[in-house]
1. Which one of Ser36, Ser87, Ser80, Ser26 is farther than 30 Å from Leu13 by Cβ and modelled with pLDDT of 90 or more?
2. Please count how many residues of region 23-38 are open to solvent by 50 Å² or more (accessible area, probe 1.4 Å) and in a helix (DSSP H, G or I).
3. Please specify each residue of region 39-69 satisfying the condition of being modelled with pLDDT of 85 or more and open to solvent by 80 Å² or more (accessible area, probe 1.4 Å).
Amino acid sequence: MRAVDLVPVDRELVMSAVAALAWHESNPLCPRCGQSTRVTSGGPARLCPQGHYVFPRPDPAILTAVLGDEDRHGLARNRSWDPHGRSVVAGCGESGE
């Protein structure tokens, strides 16, 4: 069976697992001290004997402009901002997303 033949939720699980496996295989050493790391915290992190945690890097993914009626931009807002403050929506991608 190919990944494209799976339903979307199963495809996401498979791709996340493949990305996690690739990350674990490509990060056997601590970037701070060079010692071997081991899987910890149920899999989303690695730990070296010196106590340094290594996590997968989230990569910038998208900057979007959501268009609404009449091609007007939908913007995000936060109550703690200036009353007229607005922002576009940004995101980061985790492995496998």
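1. Ser80
2. So the answer is 2.
3. Our first condition is that a residue be modelled with pLDDT of 85 or more; within region 39-69, this holds for 39-40, 44-56.
Within region 39-69, Pro49, Gln50, Tyr53, Phe55 meet the criteria.
The values are calculated or read from the model by the stated rules, or taken from the named source; none is laboratory data. No experiment lies behind these values; they were computed from the predicted model shown. Quick reminder, even Gly has a Cβ in these numbers, built from the backbone with ideal geometry, and neighbours come from all protein chains shown. Ligands, DNA and RNA are excluded from the accessible area calculation, which covers all protein heavy atoms including side chains. Shrake-Rupley method; radii C 1.70, N 1.55, O 1.52, S 1.80 Å.
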